[in-house]
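Encoded as structure tokens, here's the structure I'll be asking about.
The values are calculated or read from the model by the stated rules, or taken from the named source; none is laboratory data. Fair warning: this is a prediction, and the values are worked out from it, not measured in the lab. Don't worry about glycine lacking a Cβ; one is built from the backbone with ideal geometry, like all the others, and counts go over all protein chains shown.
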Amino acid sequence: MDTDTGAVATRAYVLHPDLTSDRERRDPEPALAEAIALAEALPDLEVLGGEVVRLRKPDAGALFGSGKLDELMAKLSAQEVGLVLVDGPVSPVQQRNLEKAWGVKVLDRTGLILEIFSDRAATREGVLQVEMAALSYQRTRLVRAWTHLERQRGGLGFVGGPGETQIEADRRAIDEQLTRLRRQLDKVAKTRELHRASRAKVPFPVVALVGYTNAGKSTLFNRLTGAEVMAKDMLFATLDPTMRGVTLPTGMKVILSDTVGFISDLPTQLVAAFRATLEEVLSADLILHVRDITHPETEGQKEDVMSILHDLGVAEDVPMIEVWNKVDVADPERRAVLQTVADRTENVRPLSAVTGEGLDGLIEAITHALDDARTVREIELPFEEGRKRAWLHEQGVVMDESQTETGFRLTVAMTARQEKRFREL
């Protein structure tokens with residue numbers, strides 16, 4: 001397999017360390033399958049496979065014990081592996097010792113996800129967010145190269161590529177680069193604020209698609225909008241929220257937003273770095289939680305998504321419809337059970353984003369949920385009610401504002417939910 005540049009793809013092998021002493025550890029087989037799928041999301045890798053490595057406790061110097069190191073060395077050498085992806089955290093010391101022992105590049109889970117984020121980021125802000133996350137990650141790993149700052153290809157250079165050399169990073173240079181990136185990000189953020197302010201003046205509800213990565217969000221987005229958003233059977237296919245206006249069959253206009261997929265054990269610094277990619281969720285009037293209902297870990301995936309939505313402060317606040325996707329690949333008996341459960345459960349809709357089956361039911365549910373769509377009205381606030389005025393601006397619902405002798409006259413577009421919260425202030 002060749003990459004677009006004509007270079008031969010790096011042969012990669014995935015290891016999932018299963019810490020048997022960790023009571024909260026994930027089921028190792030699905031975790032390994034997910035890690036392999038992550039690796040396959042990078043275009044310049046040839047993923048040969050992977051295995052679960054059971055450990056009672058990690059070795060501080062090399063993660064694995066000497067016997068396991070030798071056993072893996074023989075396997076990697078026989079398959080001419082050039083990159084080992086460890087599905088978990090690897091310290092700089094462990095990374096260096098593993099690379100020395102095996103004669104290959106080693107990348108941990110965070111480094112791999114950063115590579116994928118870099119390869120997928122499409123907007124200026126997305127690229128800057130990736131660079132900052134990568135710099136923060138690499139700042140603690142001064143044994144690694146910094147060639148991605150003079151980018152010669154997509155990705156961050158962790159995997160390896162033409163013209164790259166192993167040099168020691170200079171901490172001050174990293175800090176200076178971080179400062180430059182923050183300044184650029186501030187400029188981009190101000191531009192985005194203007195875009196969001198102009199969007200807020202359109203009194204249409206925002207419907208955000210969220211879900212575990214690879215659940216089929218982009219496929220559903222395409223079916224609902226007709227847009228050609230990249231939709232592949234690939235983890236992290238969408239990084240930057242894509243927004244489209246959609247007119248529902250009832251005539252109601254909504255703004256549909258497709259967001260980055262969630263994933264278990266996503267390092268906290270990456271969640272923070274990509275908070276901007278989820279900001280449309282923060283202003284959503286309705287959330288569609290798209291689930292791959294046929295996945296063996298679908299319940300665990302739901303918990304991961306709900307946990308992050310809870311952290312973002314929207315889980316209890318914003319109405320939500322669960323979309324049970326991929327029913328077309330379930331066997332008839334399973335489909336019957338899913339339909340029975342869905343019929344008895346509020347705000348659940350089974351469908352197939354690929355075939356369109358069940359789509360009418362979802363659109364009906366969206367319309368029903370948005371019956372409290374934004375209404376435009378005028379509000380007069382005295383000067384002393386500055387807190388309420390600030391809240392309205394924070395919500396992005398102010399369409400127009402003028403000052404009177406006694407205070408402010410505001411034209412606002414609010415949903416019933418927002419009006420209720422406004423009255424409670």
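Has segment 36-44 got at least one residue that is within 21 Å of residue 261 (Cα to Cα), of a type in the set (D, E, K, R) and out of contact with any helix residue (DSSP H, G or I) (no Cβ under 6 Å at 6 or more places or on another chain)?
The answer is yes, given that some residue of segment 36-44 is within 21 Å of residue 261 (Cα to Cα), of a type in the set (D, E, K, R) and out of contact with any helix residue (DSSP H, G or I) (no Cβ under 6 Å at 6 or more places or on another chain).
Shifting gears a bit: If a residue counts only when it is modelled with pLDDT under 85, which helices (runs of 4 or more DSSP H) contained entirely in segment 60-146 have at least 3 such residues? If you could, list the steps in order and put the result at the bottom.
Values: elements: 66-78, 92-102, 109-120, 124-139.
Per the criteria, 109-120, 124-139.
Now for a different question. Looking at segment 272-303, which of the residues that are touching a strand residue (DSSP E or B) at 6+ places or on another chain (Cβ under 8 Å), within 21 Å of residue 338 (Cα to Cα) and part of a helix (DSSP H, G or I) is modelled with the lowest pLDDT?
This residue is 301.
Out of 346, 384, 380, which single residue is assigned by TED's automatic domain parsing to the domain that holds residue 306 and of a type outside the set (Val, Ile, Thr)? Give the derivation first.
Values: 384 fails: assigned by TED's automatic domain parsing to the domain that holds residue 306; 380 fails: assigned by TED's automatic domain parsing to the domain that holds residue 306.
Result: 346 is the single residue among 346, 384, 380 that is assigned by TED's automatic domain parsing to the domain that holds residue 306 and of a type outside the set (Val, Ile, Thr).
In contact with a helix residue (DSSP H, G or I) (Cβ under 9 Å, 6 or more places away or on another chain) and in the same structural domain as residue 99 (by TED's automatic domain parsing): which single residue out of 26, 56 fits that description?
Numbers: 56 fails: in contact with a helix residue (DSSP H, G or I) (Cβ under 9 Å, 6 or more places away or on another chain).
One residue alone meets the criteria, 26.
Specify the residue that is modelled with the highest pLDDT; the eligible residues are those in segment 346-378 that are surrounded by fewer than 18 Cβ atoms within 10 Å (Cβ to Cβ) and in contact with a strand residue (DSSP E or B) (Cβ under 8 Å, 6 or more places away or on another chain).
Result: 378.
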